[in-house]
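Shown next, in structure tokens, is the structure this report addresses.
Bear in mind these aren't lab numbers, they're just calculated from the coordinates by the rules spelled out. This one's a predicted model, so the numbers in the text were calculated from it and none came from an experiment. Don't worry about glycine lacking a Cβ; one is built from the backbone with ideal geometry, like all the others, and counts go over all protein chains shown.
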Amino acid sequence: MRLPRASHAAAPPSDPRPGVLPPEGVEPDDLRRALGRFATGVTVVTSLETDRPRGVTVSAFMSVSLDPPLVLVALDQARTLGPVIRATGAYAVNILGEDDAALSDCFAGAPSEPGRDVFCGAAWRPGALGMPILERAIASLVCRLEDVVPVGDHHFLVGRVIAVSTGHGHASPLLYYRRRYLRIERATTTPLEGLADH
């Protein structure tokens, strides 16, 4: 008995030519534009170099686990704060409010007076482990460094949260969207029907 000849599967509609897979990877600018559609909060991650406070603006921050309490920040390997954190073994994540775009710009390295070399002139106090807590932060988390994972051109710094503080009142967060700051003009709340995975 002769078996029927195998038919070739149709190429996915996105393939430019049958039988040819699209090239892997995307251009950095295209990836940046796509990821820019994901709104994030803005933080300043701080640590101490000897007794000198150091900080850098970071939007790549997330909760990893509630038990144990772990968070993660992603730092560009070119950033000088990474070695400071590894030497200190601790860092603080300071969540900025919507009126602190100038602080975000300064800690991101924008030309400012006073500049990042003098901690952007930001008022701060020592928190747990002596980590710098920005007085203007709407919330802060002090973390003991648990792990450093090199991934691509970044380092993932996993920290165990050992202390938290929240500012007074209900200030709105500073948001970053499409390479601009986004101010919440009108907000409504809707009860959750499900629970997002962090």
Exercise. What spacing in nm lies between the two simple spin-label points modelled at R52 and R178, each 7 Å away from Cα in the Cβ direction?
Worked result: 4.0
For this session: Could you please rank T80, T43, T88, placing first whichever residue has the fewest other Cβ atoms within 10 Å of its Cβ?
Result: T80, T88, T43
Exercise. How much net charge surrounds V45 when only other residues with a Cβ under 11 Å from its Cβ are counted (Lys, Arg +1; Asp, Glu -1)?
Worked result: +2
Problem set entry | Separation of the E113 and H170 label points, Cα + 7 Å toward Cβ, nm | 4.0
Seminar exercise, completed: If the chain between I162 and R86 were fully extended at 0.36 nm per residue, the gain over the current Cα-Cα distance would be 25.7 nm
Exercise. Given Cα pairs under 8 Å that are at least 6 residues apart, what percent is the relative contact order of segment 38-180?
Worked result: 31
Exercise. Going by how many other Cβ atoms sit within 10 Å of their own, how do T40, T57 line up, fewest first?
Worked result: T40, T57
Exercise. Measuring from label point to label point, each 7 Å out along Cα→Cβ, what is the S65 to E98 span in nm?
Worked result: 3.6
Problem set entry | Geometric extent, Cα atoms of segment 38-180 - Rg, Dmax (angstrom) | 13.9, 42
